[in-house]
1. What is the number of the single condition among (1) within 16 Å of the chain's Cα centre (by Cα); (2) part of a loop (DSSP other than H, G, I, E, B) that Lys328 does not meet?
2. Of these, Pro71, Pro85, Pro50, which one is modelled with pLDDT of 95 or more and out of contact with any Asp or Glu (no Cβ under 8 Å at 6 or more places or on another chain)?
3. Scanning the stretch 41-77 for residues that are small (Gly, Ala, Ser) and open to solvent by less than 20 Å² (accessible area, probe 1.4 Å), which turns out nearest to Asp154 (Cα to Cα)?
4. Of everything in the stretch 229-257 that's crowded, with 24+ Cβ neighbours inside 10 Å and over 15 Å from Asn312 (Cβ atoms), which residue is modelled with the lowest pLDDT?
5. Conditions first: (1) at negative phi; (2) out of contact with any strand residue (DSSP E or B) (no Cβ under 9 Å at 6 or more places or on another chain). Gly201 passes all but one, so which condition is the exception?
6. Open to solvent by 60 Å² or more (accessible area, probe 1.4 Å), under 30 Å from Ala113 (Cα atoms) and either touching a helix residue (DSSP H, G or I) at 6+ places or on another chain (Cβ under 6 Å) or of a type in the set (Asp, Glu) (or both): does that describe Lys346?
7. Quick one: His122 ticks every box in (1) closer than 27 Å to Gly8 by Cβ; (2) in contact with a strand residue (DSSP E or B) (Cβ under 9 Å, 6 or more places away or on another chain); (3) surrounded by fewer than 20 Cβ atoms within 10 Å (Cβ to Cβ) except a single one, so which number is it?
8. Output the qualifying pairs, or none if there are none: Cβ atoms under 7 angstrom, residues six or more apart or on different chains, first residue in the stretch 83-106 and touching a residue at least 12 places away in the same chain (Cβ under 8 Å) and farther than 24 Å from Val157 by Cβ, second residue part of a helix (DSSP H, G or I) and open to solvent by 10 Å² or more (accessible area, probe 1.4 Å).
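The values are calculated or read from the model by the stated rules, or taken from the named source; none is laboratory data. Model, not experiment: these values are computed from the prediction. No Cβ is skipped: glycine too gets one built from the backbone with ideal geometry, and neighbour counts run over all protein chains shown. Remember, those area values only see protein heavy atoms, side chains included, never the ligands or the DNA or RNA. Shrake-Rupley method; radii C 1.70, N 1.55, O 1.52, S 1.80 Å.
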Amino acid sequence: MLAMDYRGPYRVRLTEKPMPEILHPQDAVVRVTRSCICGSDLHLYHGLVPDTRVGMTFGHEFCGVVEEVGPDVQNLKTGDRVLVPFNIACGKCHFCKQGLFGNCHESNAQATAVGGIFGYSHTGGGYDGGQAEYVRVPYADVGPHIIPEWMDLDDAVLLTDVVPTGYQAAEMGGIQRGDTVVVFGAGPVGIMAARCAWLFGAGRVIVFDMLDYRLEFARTYCPAEVYNFKEIDDVVLFMKKTTDGLGADVVIDAVGSDARGNFLHTLFGTKLKLQAGSAIPLHWAINSVKKGGIVSIVGVYGPTGNMVPIGNVVNKGLTIRANQASVKRLLPRLIEHVRTGRINPKAMITHRVPLADVADAYHIFAAKLDGCIKPVLLPSGEQ
(Lines give C-alpha, C1' and ligand atoms only; values in the text may rest on other atoms or scores of the structure.)
Protein backbone atom coordinates (compact mmCIF):
# COMPACT_ATOMS: atom_id res chain seq x y z
CA MET A 1 0.00 0.00 0.00
CA LEU A 2 0.98 3.67 -0.29
CA ALA A 3 1.58 5.62 2.90
CA MET A 4 3.12 8.83 4.18
CA ASP A 5 6.67 8.20 5.42
CA TYR A 6 8.50 10.48 7.90
CA ARG A 7 12.18 10.99 7.03
CA GLY A 8 13.12 13.61 9.62
CA PRO A 9 12.14 17.22 10.41
CA TYR A 10 10.51 18.96 7.43
CA ARG A 11 10.87 15.80 5.32
CA VAL A 12 7.96 13.53 4.43
CA ARG A 13 7.28 11.48 1.32
CA LEU A 14 4.92 8.88 -0.10
CA THR A 15 6.29 5.36 -0.12
CA GLU A 16 5.22 1.74 -0.55
CA LYS A 17 4.68 -0.02 2.78
CA PRO A 18 3.46 -3.50 3.72
CA MET A 19 -0.28 -3.94 4.10
CA PRO A 20 -1.37 -3.84 7.77
CA GLU A 21 -2.39 -7.17 9.25
CA ILE A 22 -4.61 -8.41 12.04
CA LEU A 23 -2.14 -8.78 14.92
CA HIS A 24 -4.64 -9.27 17.74
CA PRO A 25 -8.13 -10.85 17.80
CA GLN A 26 -9.65 -7.42 18.58
CA ASP A 27 -8.01 -5.66 15.58
CA ALA A 28 -9.60 -4.40 12.39
CA VAL A 29 -8.05 -3.26 9.12
CA VAL A 30 -9.66 -0.13 7.65
CA ARG A 31 -9.37 1.16 4.08
CA VAL A 32 -8.93 4.91 4.44
CA THR A 33 -11.32 7.17 2.53
CA ARG A 34 -10.36 10.47 4.21
CA SER A 35 -7.44 11.54 6.37
CA CYS A 36 -6.37 14.96 7.57
CA ILE A 37 -3.20 16.79 8.43
CA CYS A 38 -3.61 18.20 11.93
CA GLY A 39 -1.83 21.14 13.51
CA SER A 40 -0.50 18.58 15.97
CA ASP A 41 1.13 16.75 13.05
CA LEU A 42 3.10 19.92 12.39
CA HIS A 43 4.72 19.58 15.82
CA LEU A 44 6.03 16.20 14.61
CA TYR A 45 6.94 17.62 11.21
CA HIS A 46 8.96 20.38 12.87
CA GLY A 47 10.83 17.95 15.12
CA LEU A 48 9.30 19.19 18.39
CA VAL A 49 7.99 15.87 19.76
CA PRO A 50 10.56 13.43 21.20
CA ASP A 51 10.92 9.90 19.84
CA THR A 52 9.32 10.63 16.47
CA ARG A 53 11.08 7.92 14.50
CA VAL A 54 12.11 7.90 10.87
CA GLY A 55 9.85 5.56 8.89
CA MET A 56 6.61 6.07 10.81
CA THR A 57 3.32 7.09 9.21
CA PHE A 58 1.49 10.07 10.71
CA GLY A 59 -2.24 10.68 10.74
CA HIS A 60 -4.60 10.51 13.72
CA GLU A 61 -7.64 11.90 11.89
CA PHE A 62 -9.17 9.43 9.44
CA CYS A 63 -12.29 7.59 8.42
CA GLY A 64 -12.79 4.65 6.10
CA VAL A 65 -14.35 1.28 5.34
CA VAL A 66 -13.77 -1.88 7.36
CA GLU A 67 -11.84 -4.39 5.21
CA GLU A 68 -11.16 -7.14 7.77
CA VAL A 69 -11.90 -7.83 11.42
CA GLY A 70 -10.26 -10.05 14.01
CA PRO A 71 -12.12 -13.09 15.40
CA ASP A 72 -13.10 -11.33 18.66
CA VAL A 73 -14.59 -8.21 17.05
CA GLN A 74 -18.35 -8.11 17.63
CA ASN A 75 -19.48 -4.57 16.77
CA LEU A 76 -18.08 -4.18 13.25
CA LYS A 77 -18.31 -6.10 10.01
CA THR A 78 -16.64 -5.87 6.63
CA GLY A 79 -18.05 -2.98 4.63
CA ASP A 80 -19.00 -0.74 7.57
CA ARG A 81 -18.17 2.95 7.11
CA VAL A 82 -16.43 4.14 10.27
CA LEU A 83 -14.83 7.22 11.73
CA VAL A 84 -11.92 6.36 14.00
CA PRO A 85 -11.18 8.52 17.07
CA PHE A 86 -7.55 9.53 17.42
CA ASN A 87 -7.46 7.95 20.89
CA ILE A 88 -6.58 4.25 20.95
CA ALA A 89 -8.51 3.00 23.97
CA CYS A 90 -9.17 -0.43 25.44
CA GLY A 91 -12.49 0.53 27.03
CA LYS A 92 -11.82 -1.57 30.15
CA CYS A 93 -8.97 -0.03 32.12
CA HIS A 94 -9.29 2.23 35.17
CA PHE A 95 -9.21 5.40 33.07
CA CYS A 96 -11.42 4.26 30.20
CA LYS A 97 -14.10 3.38 32.76
CA GLN A 98 -14.00 7.05 33.84
CA GLY A 99 -14.47 8.21 30.24
CA LEU A 100 -10.82 9.29 30.02
CA PHE A 101 -10.21 7.54 26.71
CA GLY A 102 -7.27 9.82 25.96
CA ASN A 103 -5.49 8.39 29.00
CA CYS A 104 -6.02 4.66 28.38
CA HIS A 105 -3.63 2.67 30.54
CA GLU A 106 -3.60 -0.35 28.24
CA SER A 107 -2.92 1.09 24.78
CA ASN A 108 0.24 2.92 25.88
CA ALA A 109 1.20 0.97 28.96
CA GLN A 110 4.78 2.26 29.27
CA ALA A 111 3.65 5.90 29.43
CA THR A 112 2.67 7.72 32.61
CA ALA A 113 0.37 10.24 30.93
CA VAL A 114 -1.18 9.96 27.50
CA GLY A 115 -2.80 6.84 26.07
CA GLY A 116 -2.20 5.45 22.60
CA ILE A 117 -2.57 7.80 19.62
CA PHE A 118 -2.57 6.89 15.94
CA GLY A 119 0.48 8.18 14.08
CA TYR A 120 1.92 10.25 16.92
CA SER A 121 5.49 9.22 17.74
CA HIS A 122 6.50 6.51 20.16
CA THR A 123 5.50 8.75 23.08
CA GLY A 124 1.95 7.96 21.89
CA GLY A 125 2.63 4.24 21.61
CA GLY A 126 4.32 4.09 18.20
CA TYR A 127 1.19 3.20 16.22
CA ASP A 128 1.19 3.98 12.49
CA GLY A 129 -1.50 6.42 11.46
CA GLY A 130 -4.06 6.96 8.74
CA GLN A 131 -2.22 9.06 6.16
CA ALA A 132 -2.14 5.88 4.13
CA GLU A 133 -4.38 3.67 2.04
CA TYR A 134 -4.97 1.21 4.91
CA VAL A 135 -4.48 1.23 8.67
CA ARG A 136 -4.59 -1.31 11.50
CA VAL A 137 -7.09 -0.31 14.20
CA PRO A 138 -6.63 -1.96 17.63
CA TYR A 139 -9.56 -2.44 20.05
CA ALA A 140 -11.94 -2.26 17.11
CA ASP A 141 -15.01 -2.83 19.28
CA VAL A 142 -14.20 0.29 21.32
CA GLY A 143 -12.98 3.17 19.17
CA PRO A 144 -14.46 3.06 15.65
CA HIS A 145 -17.92 4.58 15.30
CA ILE A 146 -20.22 3.66 12.42
CA ILE A 147 -20.91 6.75 10.31
CA PRO A 148 -24.64 7.58 10.04
CA GLU A 149 -26.02 7.18 6.55
CA TRP A 150 -26.93 10.87 6.35
CA MET A 151 -23.48 12.14 7.31
CA ASP A 152 -21.01 13.57 4.79
CA LEU A 153 -17.57 11.97 4.99
CA ASP A 154 -16.00 15.42 5.21
CA ASP A 155 -17.95 16.00 8.42
CA ALA A 156 -17.16 12.51 9.70
CA VAL A 157 -13.39 12.83 9.39
CA LEU A 158 -13.38 16.03 11.42
CA LEU A 159 -15.27 14.27 14.21
CA THR A 160 -12.18 12.12 14.83
CA ASP A 161 -10.28 15.01 16.48
CA VAL A 162 -10.91 18.64 15.51
CA VAL A 163 -14.54 18.89 16.59
CA PRO A 164 -14.24 16.93 19.86
CA THR A 165 -10.98 18.66 20.80
CA GLY A 166 -12.48 22.10 20.23
CA TYR A 167 -15.65 21.11 22.05
CA GLN A 168 -13.75 19.68 25.03
CA ALA A 169 -11.61 22.82 25.17
CA ALA A 170 -14.80 24.81 25.72
CA GLU A 171 -16.22 22.19 28.06
CA MET A 172 -13.10 22.21 30.27
CA GLY A 173 -13.44 25.99 30.49
CA GLY A 174 -16.55 25.59 32.64
CA ILE A 175 -18.15 28.42 30.67
CA GLN A 176 -21.06 30.14 32.42
CA ARG A 177 -23.77 32.13 30.68
CA GLY A 178 -22.45 35.53 29.67
CA ASP A 179 -18.75 34.70 30.17
CA THR A 180 -16.00 36.33 28.15
CA VAL A 181 -13.98 33.57 26.48
CA VAL A 182 -10.60 34.14 24.85
CA VAL A 183 -9.05 31.62 22.44
CA PHE A 184 -5.38 31.82 21.53
CA GLY A 185 -4.90 30.28 18.08
CA ALA A 186 -7.11 30.44 14.99
CA GLY A 187 -6.18 27.06 13.61
CA PRO A 188 -8.95 24.49 13.15
CA VAL A 189 -9.08 23.51 16.84
CA GLY A 190 -9.07 27.12 18.05
CA ILE A 191 -11.79 28.01 15.55
CA MET A 192 -13.89 25.05 16.72
CA ALA A 193 -13.28 25.91 20.39
CA ALA A 194 -14.53 29.45 19.74
CA ARG A 195 -17.58 28.12 17.88
CA CYS A 196 -18.39 25.69 20.69
CA ALA A 197 -17.99 28.37 23.38
CA TRP A 198 -21.36 29.75 22.23
CA LEU A 199 -22.96 26.34 22.80
CA PHE A 200 -22.02 26.62 26.48
CA GLY A 201 -23.50 30.11 26.86
CA ALA A 202 -20.58 32.48 26.27
CA GLY A 203 -21.55 36.13 26.03
CA ARG A 204 -18.39 37.25 24.26
CA VAL A 205 -15.78 35.28 22.29
CA ILE A 206 -12.38 36.69 21.32
CA VAL A 207 -9.76 34.99 19.11
CA PHE A 208 -6.08 35.92 18.79
CA ASP A 209 -3.75 34.84 16.00
CA MET A 210 -1.02 36.34 13.81
CA LEU A 211 -2.47 35.47 10.40
CA ASP A 212 -5.15 37.75 9.03
CA TYR A 213 -6.73 35.15 6.74
CA ARG A 214 -7.29 32.78 9.68
CA LEU A 215 -8.70 35.60 11.78
CA GLU A 216 -11.09 36.57 9.01
CA PHE A 217 -12.27 32.96 8.80
CA ALA A 218 -12.81 32.90 12.57
CA ARG A 219 -14.70 36.20 12.42
CA THR A 220 -17.35 34.73 10.15
CA TYR A 221 -17.36 31.03 11.12
CA CYS A 222 -17.36 31.23 14.93
CA PRO A 223 -18.35 34.16 14.90
CA ALA A 224 -15.90 36.02 17.13
CA GLU A 225 -14.07 39.25 17.78
CA VAL A 226 -10.62 38.78 16.27
CA TYR A 227 -7.25 40.44 16.90
CA ASN A 228 -3.82 40.09 15.34
CA PHE A 229 -1.44 39.97 18.30
CA LYS A 230 1.38 41.36 16.14
CA GLU A 231 -0.55 44.63 16.01
CA ILE A 232 -0.91 44.82 19.81
CA ASP A 233 1.94 46.04 22.01
CA ASP A 234 0.91 44.03 25.09
CA VAL A 235 -1.73 41.31 24.75
CA VAL A 236 -2.27 40.99 28.51
CA LEU A 237 -2.72 44.73 29.02
CA PHE A 238 -5.07 44.84 26.03
CA MET A 239 -7.18 42.06 27.54
CA LYS A 240 -7.36 43.81 30.89
CA LYS A 241 -8.48 47.06 29.26
CA THR A 242 -11.19 45.38 27.19
CA THR A 243 -12.63 43.55 30.24
CA ASP A 244 -12.94 46.48 32.68
CA GLY A 245 -9.60 45.64 34.26
CA LEU A 246 -10.68 42.17 35.39
CA GLY A 247 -9.47 39.78 32.69
CA ALA A 248 -11.34 37.12 30.74
CA ASP A 249 -13.46 34.55 32.54
CA VAL A 250 -12.04 31.66 30.49
CA VAL A 251 -8.93 31.45 28.31
CA ILE A 252 -8.23 28.55 25.93
CA ASP A 253 -4.74 27.70 24.66
CA ALA A 254 -5.33 26.05 21.29
CA VAL A 255 -1.81 26.64 19.97
CA GLY A 256 0.76 24.48 21.72
CA SER A 257 4.45 24.15 21.05
CA ASP A 258 4.63 25.93 17.67
CA ALA A 259 3.52 29.27 19.11
CA ARG A 260 4.95 32.60 18.02
CA GLY A 261 4.92 35.96 19.74
CA ASN A 262 8.00 35.99 21.97
CA PHE A 263 11.61 35.82 20.83
CA LEU A 264 13.01 33.99 23.87
CA HIS A 265 10.30 31.32 23.86
CA THR A 266 10.79 30.78 20.15
CA LEU A 267 14.56 30.54 20.60
CA PHE A 268 14.53 28.19 23.59
CA GLY A 269 11.42 26.21 22.68
CA THR A 270 11.36 25.77 18.90
CA LYS A 271 14.93 26.50 17.81
CA LEU A 272 17.21 25.18 20.57
CA LYS A 273 14.52 22.84 21.97
CA LEU A 274 15.55 23.52 25.56
CA GLN A 275 11.91 23.50 26.61
CA ALA A 276 8.87 21.64 25.30
CA GLY A 277 8.01 24.16 22.64
CA SER A 278 7.13 27.86 22.90
CA ALA A 279 4.84 28.42 25.88
CA ILE A 280 3.93 32.05 25.18
CA PRO A 281 0.17 31.28 24.88
CA LEU A 282 0.27 29.83 28.40
CA HIS A 283 1.88 33.03 29.69
CA TRP A 284 -0.76 35.13 27.99
CA ALA A 285 -3.53 32.82 29.22
CA ILE A 286 -2.38 32.80 32.84
CA ASN A 287 -1.78 36.53 32.95
CA SER A 288 -4.90 37.66 31.05
CA VAL A 289 -7.52 35.46 32.73
CA LYS A 290 -9.31 36.96 35.72
CA LYS A 291 -8.55 36.04 39.32
CA GLY A 292 -10.29 32.76 40.03
CA GLY A 293 -10.67 32.13 36.29
CA ILE A 294 -10.11 28.99 34.26
CA VAL A 295 -7.37 28.20 31.74
CA SER A 296 -8.18 25.34 29.36
CA ILE A 297 -5.25 23.79 27.48
CA VAL A 298 -5.61 21.62 24.38
CA GLY A 299 -2.51 22.83 22.54
CA VAL A 300 0.09 20.06 22.37
CA TYR A 301 3.36 20.39 24.26
CA GLY A 302 6.16 17.83 24.54
CA PRO A 303 6.73 15.83 27.72
CA THR A 304 9.65 17.93 28.99
CA GLY A 305 9.40 21.14 31.02
CA ASN A 306 8.28 24.63 30.04
CA MET A 307 8.97 28.05 31.55
CA VAL A 308 5.50 28.78 32.91
CA PRO A 309 4.59 31.42 35.58
CA ILE A 310 3.21 28.95 38.10
CA GLY A 311 3.42 31.56 40.88
CA ASN A 312 0.81 33.65 39.09
CA VAL A 313 -1.44 30.58 38.89
CA VAL A 314 -1.24 30.16 42.66
CA ASN A 315 -1.61 33.81 43.58
CA LYS A 316 -4.52 34.41 41.21
CA GLY A 317 -6.33 31.27 42.37
CA LEU A 318 -6.62 29.87 38.84
CA THR A 319 -7.98 26.52 37.74
CA ILE A 320 -6.08 24.83 34.92
CA ARG A 321 -7.76 22.03 32.99
CA ALA A 322 -6.02 20.14 30.23
CA ASN A 323 -6.17 16.81 28.42
CA GLN A 324 -6.43 15.04 25.12
CA ALA A 325 -10.05 14.97 24.01
CA SER A 326 -11.97 11.82 24.95
CA VAL A 327 -13.54 11.45 21.52
CA LYS A 328 -15.65 8.36 22.25
CA ARG A 329 -17.36 10.08 25.20
CA LEU A 330 -18.26 13.14 23.14
CA LEU A 331 -19.32 11.58 19.83
CA PRO A 332 -23.05 11.06 20.50
CA ARG A 333 -23.71 14.70 21.36
CA LEU A 334 -21.41 16.00 18.60
CA ILE A 335 -23.10 13.89 15.95
CA GLU A 336 -26.39 15.40 17.10
CA HIS A 337 -24.92 18.91 16.86
CA VAL A 338 -23.85 18.17 13.27
CA ARG A 339 -27.26 16.70 12.41
CA THR A 340 -29.09 19.78 13.69
CA GLY A 341 -26.66 22.20 12.04
CA ARG A 342 -25.28 23.71 15.26
CA ILE A 343 -21.79 22.72 14.06
CA ASN A 344 -20.69 22.60 10.41
CA PRO A 345 -17.27 20.86 10.45
CA LYS A 346 -16.71 20.49 6.70
CA ALA A 347 -16.88 24.26 6.22
CA MET A 348 -13.34 24.41 7.66
CA ILE A 349 -11.89 22.25 4.86
CA THR A 350 -10.07 24.49 2.41
CA HIS A 351 -7.81 22.01 0.61
CA ARG A 352 -8.49 18.52 -0.74
CA VAL A 353 -5.17 16.98 -1.74
CA PRO A 354 -4.39 13.55 -3.25
CA LEU A 355 -2.43 11.34 -0.85
CA ALA A 356 0.22 11.14 -3.56
CA ASP A 357 0.93 14.85 -2.95
CA VAL A 358 1.28 14.52 0.81
CA ALA A 359 4.66 16.30 0.88
CA ASP A 360 3.17 19.32 -0.88
CA ALA A 361 0.19 19.27 1.48
CA TYR A 362 2.47 19.41 4.52
CA HIS A 363 4.39 22.31 3.03
CA ILE A 364 1.23 24.28 2.24
CA PHE A 365 -0.23 23.71 5.71
CA ALA A 366 3.01 24.33 7.62
CA ALA A 367 3.91 27.47 5.66
CA LYS A 368 0.32 28.77 5.87
CA LEU A 369 0.08 29.16 2.10
CA ASP A 370 -2.96 29.66 -0.14
CA GLY A 371 -5.32 30.50 2.72
CA CYS A 372 -5.07 26.98 4.13
CA ILE A 373 -7.25 26.30 7.18
CA LYS A 374 -7.69 22.51 7.01
CA PRO A 375 -6.28 20.07 4.43
CA VAL A 376 -7.82 16.66 3.74
CA LEU A 377 -5.85 13.86 2.05
CA LEU A 378 -7.64 11.62 -0.44
CA PRO A 379 -6.23 8.18 -1.30
CA SER A 380 -6.31 7.23 -4.97
CA GLY A 381 -9.85 6.71 -6.24
CA GLU A 382 -11.54 8.61 -3.41
CA GLN A 383 -13.52 11.81 -3.95
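1. All conditions pass for Lys328, except number (2).
2. Details: Pro85 fails: out of contact with any Asp or Glu (no Cβ under 8 Å at 6 or more places or on another chain); Pro50 fails: modelled with pLDDT of 95 or more.
Residue meeting the stated conditions: Pro71.
3. Quick first cut of the stretch 41-77, residues small (Gly, Ala, Ser) only: 47, 55, 59, 64, 70.
Subset that is open to solvent by less than 20 Å² (accessible area, probe 1.4 Å): 59, 64, 70.
Values: Gly59: 16, Gly64: 11, Gly70: 28 Å.
Filtering first and then ranking leaves Gly64.
4. Among those residues, the one meeting the criterion is Ser257.
5. Gly201 satisfies every listed condition except (1).
6. Numbers: open to solvent by 60 Å² or more (accessible area, probe 1.4 Å): yes; under 30 Å from Ala113 (Cα atoms): no; either touching a helix residue (DSSP H, G or I) at 6+ places or on another chain (Cβ under 6 Å) or of a type in the set (Asp, Glu) (or both): yes.
It is false that Lys346 is open to solvent by 60 Å² or more (accessible area, probe 1.4 Å), under 30 Å from Ala113 (Cα atoms) and either touching a helix residue (DSSP H, G or I) at 6+ places or on another chain (Cβ under 6 Å) or of a type in the set (Asp, Glu) (or both).
7. With (1) closer than 27 Å to Gly8 by Cβ; (2) in contact with a strand residue (DSSP E or B) (Cβ under 9 Å, 6 or more places away or on another chain); (3) surrounded by fewer than 20 Cβ atoms within 10 Å (Cβ to Cβ) applied to His122, the lone miss is (2).
8. If the second residue must be part of a helix (DSSP H, G or I) and open to solvent by 10 Å² or more (accessible area, probe 1.4 Å), the pairs left are Phe95/Asn103.
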